[in-house]
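All remarks here apply to the structure that follows.
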Amino acid sequence: MIKSPIKLAAVATFLTAPLVLVSPPVIAAGGGGGGGGGGDPYGSSYSGPASSSPQQRDRKTTRRTKKPTKQSAFDDPAFREAYRTAYATIYERNDYLAAIDQLHALKHDDQPNVANLIGYSYRKLGDFREAQLWYERALKADPNHVLTWNYYGLWQIEQGNREQAQYHLTRIAAICGTGCDEYRSLAAALEKPPGTGLVY
């Protein structure tokens, strides 16, 4: 007779254990939808998903606070002035090696404008592999950096990749339309016969 209550208790424990294990996930799945109101028998005491949300928010906030610093480099007058100097070195003096050094000295290689100009300088020096790496770095920093799409599209034409250049042209159109300078210059380059030297 002693064995019966023990067996009964063991069976009762065994039968109720799966219910306890199954209940929280069912509640968690229903509670994350944002709609509904009520129906949660645990009220606000069930804290499974909620305990990880603040940590995720903190991580996302940290990422968001880091990202603007890449773009806000232009808020710094010293950075702006040094960038203008490198820009003039490229477009007025055509001294691409000096410009690359000046751009690296800014210590913002991951800033899309800086990475793009480094890529442009390497392209003008004929180092097409290095140019490609910098263009891709600029687009990784800002996938909508229209001037990089333009310069990288010109790079594609120089490499004989006209289909890729056409893709770059459609990306530019999606970003700034068909009337922007970047679109028009790449479209004009694509209209030239293959093998025509570019002056960009």
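Where a number appears in this text, it was derived from the coordinates with a stated rule and is not lab data. For clarity, every value in this text was computed on a predicted model and none was experimentally measured. Note: ideal-geometry Cβ built from the backbone for every residue, glycine included; neighbour counts use all protein chains shown.
A few remarks follow.
- For the stretch 78-151, applying the loop criterion from DSSP together with a ceiling of 10 other beta carbons within 10 Å to the trypsin sites (Lys or Arg not before Pro) yields 93.
- Along each principal axis, Cα extent of the stretch 66-183, largest first, Å: 40, 30, 24
- Dipole-positive endmost among 145, 166, 114 within the stretch 72-200 (Cβ charges, Cα centre): 166
- Difference of contour (0.36 nm per residue) and Cα-Cα distance, residue 85 to residue 181: 32.3 nm
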